[in-house]
1. For region 72-82, just list the computed ³J(HN,Hα) in residue order, Karplus coefficients 6.51, -1.76 and 1.60, θ = phi - 60°, integers in Hz, with x standing in for Gly and Pro.
2. Taking Cα atoms of region 245-290, Rg/Rh with Kirkwood Rh, to two decimals?
3. How do 118-131, 323-336, 34-47 rank on mean C-beta neighbours within 10 Å, highest first?
4. Cut-off is 10 Å between beta-carbons; in what order do W258, W297 appear when sorted fewest neighbours first?
5. Let me know the charge dipole size of region 1-67 about its Cα centre in debye, to the nearest 20, where only the beta-carbon of Lys, Arg (+1) and Asp, Glu (-1) is charged.
6. Per residue of region 337-352, in order, report the coupling 6.51 cos²θ - 1.76 cosθ + 1.60 (Karplus, θ = phi - 60°) as ³J(HN,Hα) in whole Hz, putting x for Gly and Pro.
7. For Rg and Dmax of the Cα atoms in Å, which listed value, [x] 23.0, 72; [y] 21.3, 65; [z] 19.4, 58, comes from the coordinates shown?
8. By count of other Cβ within 10 Å, fewest leading, how are E308, E285, E298 ordered?
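Values in this text are rule-based calculations from the coordinates and carry no lab data. It should be emphasised that the depicted structure is a prediction, and the values quoted were computed from it without experimental measurement. Note that each Cβ is placed from the backbone with ideal geometry, even for glycine, and that neighbours are counted across all protein chains shown.
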Amino acid sequence: MVKSDYGFGARLIHHLALNSKIIPEMSFVIDKMLHGTDARSFISQKHIFISGLARAGTTALMRLFHETGEFCSLTYRDMPFPLAPYLWRKIANLGYSDESFRERAHGDGILVNVDSPEALEEVFWRVFCGNKYILSDRLLPMKAGSGTIDNFRKYISGLLATTGSNRYLSKNNNNILRLSSIKKAFPDSIILIPFRDPIQQSLSMYIQHKRFVRVHHEDKFARNYMRWLVHHEFGGDHRFFDLDNTASNYSHDRPAYWLDQWIRAYRYLLKKQTQNRDLAMLFVEYEELCDNSKDVWEVLARHASLPEALPPGFVLSKAAEHDVFQVDGEVKDEAYRIYTELRELFTRTLYN
């Protein structure tokens, strides 16, 4: 929902509403005054935060939880004022009439409409602490101050107040940069980290990167839109997760670069898991989620205090596999060493 969905007027409104921090910050302050919700009542809830690297089934996992009807999420309907969900939803409900589904910009067969849950909360982090983690070519790990954490709680409580739900569902890959801050804001939240066969996931990221490079070359608004949302995973404004103070030796236009990013990201997450058990991350294997949805869901549902039966009608199809590319033997060995460790953690979660 980027290039074909927005005419000149909509693009202008998005530019005015998102191209700075002033208007989003003002909208947040107004929204906070209007809903007046006590954020303390939501702190101890089991909110769900899905994060990791793209192309590991994060969207499928988010939709699985969303289908339970137990959660509230940001949706495309919240644009272009995602920091004022309480006010904007009242206004937007009067104006949105097109609720038809269409394929999202990734071209991966996933259909979306204005009420599809989406990773829009990153605007909050950009506005309140963007200078801590957003650089011209990379994104850095960060820790939010107590004031920002308090505002994040109020932000989520305002969103929940729009629906009467008391549990928040987030899918935001950038949250791997601030896992300790997420856990500090909501100590009982559950952090889910999907992962996938490293070669297949890195190839999928590489294909998406090439796709979005073309999109951003043809459509400047699409590039700006992703920049406003701090979605730099792919495309002409790609910025990597700098998790170990080093840049890759590979260029973006090679599959090896994306495998290198896979190694760095999941090695970092495993290290975080070891260093801070309080994060209580659950690693979820994409392939097993697709092949054995019922059993995997039962385990996840128990952790999340949800009904153990799959939501009615929910079907999860595994993405098609890509042809394997040639890669340095040591790099491949390291990737599959990490993958094996992730699978062992997942298996322990599943069967213990």
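1. Couplings: 10, 10, 5, 9, 4, 5, 7, 7, x, 10, x Hz.
2. 1.09
3. Ranking the peptides 118-131, 323-336, 34-47 by packing returns 118-131, 34-47, 323-336.
4. Details: W258 29, W297 24.
In increasing order of surrounding Cβ atoms, one gets W297, W258.
5. Around 200 debye, computed over region 1-67.
6. 5, 5, 4, 4, 5, 4, 5, 5, 5, 5, 4, 4, 5, 6, 10, 9
7. This structure yields the entry labelled [z].
8. E308, E298, E285
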